[in-house]
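A short worksheet on the structure shown next.
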């Protein structure tokens with residue numbers, strides 16, 4: 001401990017040097033006076049007494065220096081001295097310092113942002129207990145490769161998994177349920193998450209306020225309770241703690257609010273959480289559809305330590321075999337049970353995007369660091385005389401290297417600080433970006449891991465890329481540097497080659513980033529301009545949620561929409577209005593097989609079918625090819641007629657005329673409140689549209705009268721000539737007047753839906769890769785401009801001689817441009833080669849565009865070449881304005 005105290009005292013002495021020096025001066029002066037007095041008493045003269053006293057003390061300055069070394073930490077003092085000197089030198093070269101810091105900040109800031117998204121959003125997104133061992137159970141059809149068959153189960157299946165398994169510590173079941181929250185003559189939809197009684201212990205997150213759900217809450221006869229999410233508590237109840245113990249009317253039933261969960265508990269993105277018993281009765285299909293009673297549940301498990309997922313797969317497979325016999329429709333003929341980490345399931349698609357972004361950011365970081373290396377090389381070359389003079393006065397190579405490295409580290413930490421600020425702002429924007437598909441629980445902030453990453457990156461880049469210019473500057477010939485009369489004396493072939501190599505590398509990496517960004521742009525433009533089969537602009541869409549036990553018959557729904565649709569169509573700006581079961585482009589109901597008399601088939605003919613009103617085709621803008629459309633009489637009498645799309649006609653009838661033929665949707669035989677063994681006569685054929693998602697091929701589809709059944713909620717569509725958002729309040733009033741407690745859920749324009757759900761991820765990729773490419777291009781141009789400018793300065797005397805001997809400005813201009821074009825051309829060729837070899841990894845992120853798209857491979861080099869020529873032209877033009885007399889004055 002005494003040694004630690006000594007070193008601690010030495011460390012503290014570094015911060016009070018002036019006081020200690022004053023005390024040392026006073027103490028030495030006292031000792032000197034005492035020695036002089038002793039010498040005077042010994043009979044020496046005053047001059048001799050003073051001389052002997054000095055000799056006895058061994059010299060004041062030497063004694064002071066020896067004492068300073070013994071009381072402090074020389075290495076640390078030297079580093080602090082180097083840091084002060086480095087800050088003075090950097091402050092003198094403000095332009096160099098600003099450019100270097102900005103270059104580092106851009107590289108460090110973007111890399112820290114992407115690292116934070118990946119670390120916090122993909123690797124460690126959840127605040128739950130044992131989050132790294134959370135696994136999701138799914139069923140796969142082995143005959144269809146890697147496509148997931150389903151990931152939701154009946155509650156009795158999950159209970160069997162939980163009771164009989166040997167691989168998991170526990171299993172929880174949860175699902176979503178849409179409810180109506182009624183309060184003071186106002187109703188609104190809420191999204192609930194129904195969880196099994198073990199949920200609180202399973203997730204391991206205590207409530208922020210009140211208590212969590214317990215086993216007793218799910219017992220028969222227990223009072224109905226609700227647990228609020230933090231977000232819903234803040235938005236609806238304004239963070240009022242007095243909400244505990246109050247009641248909410250959910251679907252007409254009073255629920256007592258028992259607690260509020262923390263901010264990061266966002267299971268299923270729900271507004272509130274409700275308990276459900278493991279042994280609750282299985283609801284019928286009618287109850288599940290009309291009353292939104294939960295039928296299927298997600299199953300998440302905690303894998304036991306030291307067990308692999310494959311062991312758990314085999315365990316669950318054994319349990320699922322008898323369950324498949326009980327739920328035949330829910331298991332394919334050849335199935336396999338799989339367990340996968342929960343975070344991988346949620347961010348599977350976005351993870352690939354992030355990995356590619358990480359690669360792009362690494363390229364950007366390399367461009368940034370090599371830019372700084374080039375700047376440092378130029379900066380150190382300009383200080384060659386100073387470095388040579390310090391070496392001539394006795395400074396060792398190690399001392400000079402340490403001094404220059406400290407300057408690099410000072411730049412690195414300044415760039416790290418600026419980069420962290422940039423990352424903080426970028427992460428704030430990322431949290432508001434819809435294309436960032438990470439779990440809502442993820443802490444998307446500049447936390448400690450992200451800060452440590454930024455510091456590590458700054459140290460790594462400044463040490464690795466600052467060491468080479470430092471060694472090059474120290475190893476120069478001292479005599480040449482001391483005898484030179486100008487900057488020409490500092491020029492060397494080695495330094496020029498290093499600077500040129502760095503520029504070629506920056507240009508090559510910039511080409512690679514530009515090709516990546518060009519492919520993303522081509523893919524985004526192809527997707528957003530793809531013909532979906534009908535014009536999406538000006539279409540209003542909204543779900544209509546009916547209250548429980550109301551409007552459950554086909555007749556009641558017909559009466560409701562007979563009131564609503566004409567009134568919506570009569571609104572100013574509305575040209576057509578229609579009803580449907582599902583929203584266009586999102587996928588409608590489907591039948592796994594159809595029966596067509598005279599058309600036997602061995603494999604299932606999967607067919608989509610839409611139940612709609614007569615105005616559906618005009619609202620979307622579908623074109624009639626043959627036959628007729630559905631009429632009002634068809635809808636009113638629920639006639640068994642169908643209009644089919646072109647794909648169905650071609651797929652099932654080839655060159656035959658489908659009009660008048662019969663088709664039966666086998667799925668209807670298993671639905672309640674639907675006609676069984678019902679054949680629909682095909683009365684018309686309409687044009688195709690992307691009915692199963694924009695990125696999926698068009699499925700065969702039929703359109704039948706919505707009055708065939710009263711099951712389920714519905715969708716309203718309206719074709720408008722005005723902004724669809726202006727119709728929301730009017731349509732909400734029409735719905736409320738036609739049917740009390742009916743709710744309009746998630747009203748929006750169809751274009752808004754596409755922007756939010758379909759185009760958001762491609763847009764995020766475009767913006768991210770585009771930003772990397774733009775910054776990389778800018779840094780490469782800065783590096784090229786710096787090298788060309790420094791080259792012009794070094795060759796000023798040469799240009800003066802050439803012009804004195806008769807060279808024209810055009811000759812000097814071409815001489816400088818030739819070198820710049822050579823550098824850029826070399827970088828372009830190398831960059832295109834690397835791009836051609838590596839772009840295949842982007843194919844999974846592209847849509848409608850090949851990874852070897854000629855447009856991207858042509859436009860990216862052209863853009864860089866154009867900008868690079870401008871960066872070369874400015875220094876070249878400066879070279880043509882050299883005054884021969886001024887240039888030769890120092891010769």
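Within the range 319-343, track down each residue that is in a helix (DSSP H, G or I) and either under 16 Å from residue 142 (Cβ atoms) or touching a helix residue (DSSP H, G or I) at 6+ places or on another chain (Cβ under 7 Å) (or both).
Passing the criteria: 319, 320, 321, 323, 324, 330, 343.
Looking at 161, 149 in this structure, which one is surrounded by 15 or more Cβ atoms within 10 Å (Cβ to Cβ) and part of a helix (DSSP H, G or I)?
Just a single option satisfies the conditions, and that option is 161.
Collect the residues in the range 799-809 that are surrounded by fewer than 17 Cβ atoms within 10 Å (Cβ to Cβ) and either within 25 Å of residue 502 (Cα to Cα) or touching a residue at least 24 places away in the same chain (Cβ under 8 Å) (or both), keeping them in residue-number order.
Hits for the range 799-809 are 801, 804, 809.
Which of the numbered conditions does residue 564 fail, given that it passes all the others? Conditions: (1) crowded, with 19+ Cβ neighbours inside 10 Å; (2) over 14 Å from residue 714 (Cα atoms).
It fails just one condition, (2).
Considering only the range 726-747, I want to know if a residue exists there that is free of Cβ contacts under 8 Å to residues at least 40 places away in the same chain and surrounded by 19 or more Cβ atoms within 10 Å (Cβ to Cβ).
no
Search the range 702-725 for residues being surrounded by fewer than 24 Cβ atoms within 10 Å (Cβ to Cβ), in contact with a helix residue (DSSP H, G or I) (Cβ under 9 Å, 6 or more places away or on another chain) and outside any strand (DSSP E or B), and hand back the single one that is modelled with the highest pLDDT.
Only one residue tops the list, namely 707.
Filter the range 181-209 for residues that are in contact with a helix residue (DSSP H, G or I) (Cβ under 7 Å, 6 or more places away or on another chain) and part of a loop (DSSP other than H, G, I, E, B); which is surrounded by the fewest Cβ atoms within 10 Å (Cβ to Cβ)?
Across the range 181-209, the extreme among qualifying residues is 208.
For residue 130, work out the one condition from (1) over 29 Å from the mean Cα position of the chain (by Cα); (2) under 18 Å from residue 303 (Cβ atoms) it doesn't fulfil.
(1)
Quickly run through the range 428-450 and pick out the residues that are farther than 20 Å from residue 131 by Cβ and either in contact with a helix residue (DSSP H, G or I) (Cβ under 8 Å, 6 or more places away or on another chain) or not in a loop (DSSP other than H, G, I, E, B) (or both).
Scanning the range 428-450 gives 428, 429, 430, 433, 434, 435, 446.
Which one of the conditions (1) over 27 Å from the mean Cα position of the chain (by Cα); (2) crowded, with 16+ Cβ neighbours inside 10 Å does residue 857 fail to meet, given that it meets all the rest?
Failing condition for residue 857: (1).
Kindly indicate whether residue 586 is assigned by TED's automatic domain parsing to the domain that holds residue 632, in contact with a strand residue (DSSP E or B) (Cβ under 9 Å, 6 or more places away or on another chain), within 19 Å of residue 533 (Cα to Cα) and part of a strand (DSSP E or B).
No: the conditions fail for residue 586.
Out of the range 256-311, which residues are part of a strand (DSSP E or B) and more than 38 Å from the chain's Cα centre (by Cα)?
Result: 256, single match.
Restricting the search to the range 385-427, which residues are over 30 Å from residue 760 (Cβ atoms), out of contact with any helix residue (DSSP H, G or I) (no Cβ under 7 Å at 6 or more places or on another chain) and modelled with pLDDT of 85 or more?
Of everything in the range 385-427, just one residue is over 30 Å from residue 760 (Cβ atoms), out of contact with any helix residue (DSSP H, G or I) (no Cβ under 7 Å at 6 or more places or on another chain) and modelled with pLDDT of 85 or more, namely 417.
So, residue 360, is that one surrounded by 16 or more Cβ atoms within 10 Å (Cβ to Cβ), outside the structural domain of residue 109 (by TED's automatic domain parsing) and in contact (Cβ under 8 Å) with a residue 12 or more places away in the chain or not?
Spelling it out, it is not the case that residue 360 is surrounded by 16 or more Cβ atoms within 10 Å (Cβ to Cβ), outside the structural domain of residue 109 (by TED's automatic domain parsing) and in contact (Cβ under 8 Å) with a residue 12 or more places away in the chain.
The values are calculated or read from the model by the stated rules, or taken from the named source; none is laboratory data. The model shown is predicted, which means the values in this text are computed figures rather than measured ones. Because the Cβ atoms are built from the backbone with ideal geometry, glycine has one as well, and the counts that use them run over all protein chains shown.
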